[in-house]
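Worksheet: the structure to be examined is printed underneath.
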């Protein structure tokens, strides 16, 4: 499994903004993403909240290449809580 | 043809045209009534309780409590409310795509601001105002649609 650990501003516990989500994808995920296998995207423990807007920006390009029903074949999420992990996955698939 | 016969034909023609116009008006009216009834049902089922009770109460509770103490429980309640709201309006996608998109965008924008507020940055006052403005704008769109 391809593990991608996000490095973000530690003073911010809530991620928000479509543009910011896209920027994080471009700078930290795009080049490392394995389109032939599972990618574990790790949100740091200090991130407690992720807004829908961030998730939409983060997944903008990914969802241009794969369908929502295929997400589980390519992406797993690790985060500070099960609640947050589920929220991120649910909103990628929404 | 006598004048009487000519006038009779004209009046019969007018009566026919008038009945056709009446029929069209009644069909259009019935269609409008159906649309109003359908919208009224959507308002009652999806929006009424959420925008008249839950959203204003969550706004007050969240904004007031967040001034002093970070309250993850209230924030999650707010987030879950917005997530459910988003799921509930999905039927509108198939009825009125434009209205659906507007409300969906407002919900996402409100949730975005809720998450930003929880960062307790020095932008709190501006974000609180933005949250208020977002909610007010969404209410205007909803009220206009269901008026």
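The values are calculated or read from the model by the stated rules, or taken from the named source; none is laboratory data. Since this is a predicted model, take the numbers as computed values, not measurements. As a convention, Cβ positions derive from the backbone with ideal geometry for all residues, glycine included, and neighbour counts pool all protein chains shown.
In the condition set (1) within 14 Å of another protein chain (Cβ to nearest Cβ); (2) buried (at least 18 other Cβ atoms within 10 Å of the Cβ), residue A:39 is compliant with all but (1). Cβ-Cβ contacts under 9 Å between residues 6 or more apart (or on different chains), taken from a first residue in the stretch B:16-40 that is within 15 Å of residue B:95 (Cα to Cα) to a second residue that is at pLDDT 85 or above and in a helix (DSSP H, G or I), are listed as B:39/B:145; B:39/B:146; B:40/B:146. Within the stretch B:116-141, the residues that satisfy the criterion of being modelled with pLDDT of 95 or more and either farther than 22 Å from residue B:71 by Cβ or out of contact with any helix residue (DSSP H, G or I) (no Cβ under 8 Å at 6 or more places or on another chain) (or both) are B:133, B:136, B:137, B:138, B:139, B:140, B:141. When we screen A:4, A:62, A:75, A:41 for residues that are at negative phi and in contact with a helix residue (DSSP H, G or I) (Cβ under 6 Å, 6 or more places away or on another chain), the only hit is A:4. Which residues, taken from the stretch A:39-50, are more than 11 Å from the chain's Cα centre (by Cα) and farther than 15 Å from residue A:5 by Cβ? A:48, A:49, listed by residue number. Got a number for residues in the stretch A:1-18 being within 14 Å of another protein chain (Cβ to nearest Cβ) and not in a helix (DSSP H, G or I)? Final tally of qualifying residues: 10. Restricting attention to the stretch B:121-133 and to residues that are within 14 Å of chain A (Cβ to nearest Cβ) and surrounded by 16 or more Cβ atoms within 10 Å (Cβ to Cβ), the residue that is nearest to residue B:78 (Cα to Cα) turns out to be B:131.
Does the stretch B:45-54 contain at least one residue that is in a helix (DSSP H, G or I), modelled with pLDDT under 90, farther than 30 Å from residue B:118 by Cα and out of contact with any helix residue (DSSP H, G or I) (no Cβ under 7 Å at 6 or more places or on another chain)? Yes, some residue in the stretch B:45-54 is in a helix (DSSP H, G or I), modelled with pLDDT under 90, farther than 30 Å from residue B:118 by Cα and out of contact with any helix residue (DSSP H, G or I) (no Cβ under 7 Å at 6 or more places or on another chain).
For the stretch A:42-54, state whether one or more residues are out of contact with any strand residue (DSSP E or B) (no Cβ under 6 Å at 6 or more places or on another chain), within 14 Å of chain B (Cβ to nearest Cβ), in a helix (DSSP H, G or I) and within 24 Å of residue B:107 (Cα to Cα). Within the stretch A:42-54, one or more residues are out of contact with any strand residue (DSSP E or B) (no Cβ under 6 Å at 6 or more places or on another chain), within 14 Å of chain B (Cβ to nearest Cβ), in a helix (DSSP H, G or I) and within 24 Å of residue B:107 (Cα to Cα).
The conditions of being surrounded by fewer than 17 Cβ atoms within 10 Å (Cβ to Cβ), under 30 Å from residue A:86 (Cβ atoms), away from chain A (no Cβ under 14 Å) and at pLDDT below 95 are not met by residue B:42. The residues listed here are A:21, A:57; of these, the one that is in a helix (DSSP H, G or I), over 26 Å from residue B:71 (Cα atoms), within 14 Å of chain B (Cβ to nearest Cβ) and in contact with a helix residue (DSSP H, G or I) (Cβ under 7 Å, 6 or more places away or on another chain) is A:57.
Within the stretch A:80-94, the set of residues being buried (at least 18 other Cβ atoms within 10 Å of the Cβ), within 11 Å of chain B (Cβ to nearest Cβ) and under 16 Å from residue A:13 (Cα atoms) comprises A:84, A:87.
Among the residues of the stretch A:65-79, are any more than 14 Å from chain B (Cβ to nearest Cβ), under 22 Å from residue B:111 (Cα atoms) and in contact with a strand residue (DSSP E or B) (Cβ under 6 Å, 6 or more places away or on another chain)? Scanning the stretch A:65-79, I find at least one residue that is more than 14 Å from chain B (Cβ to nearest Cβ), under 22 Å from residue B:111 (Cα atoms) and in contact with a strand residue (DSSP E or B) (Cβ under 6 Å, 6 or more places away or on another chain), so the answer is yes.
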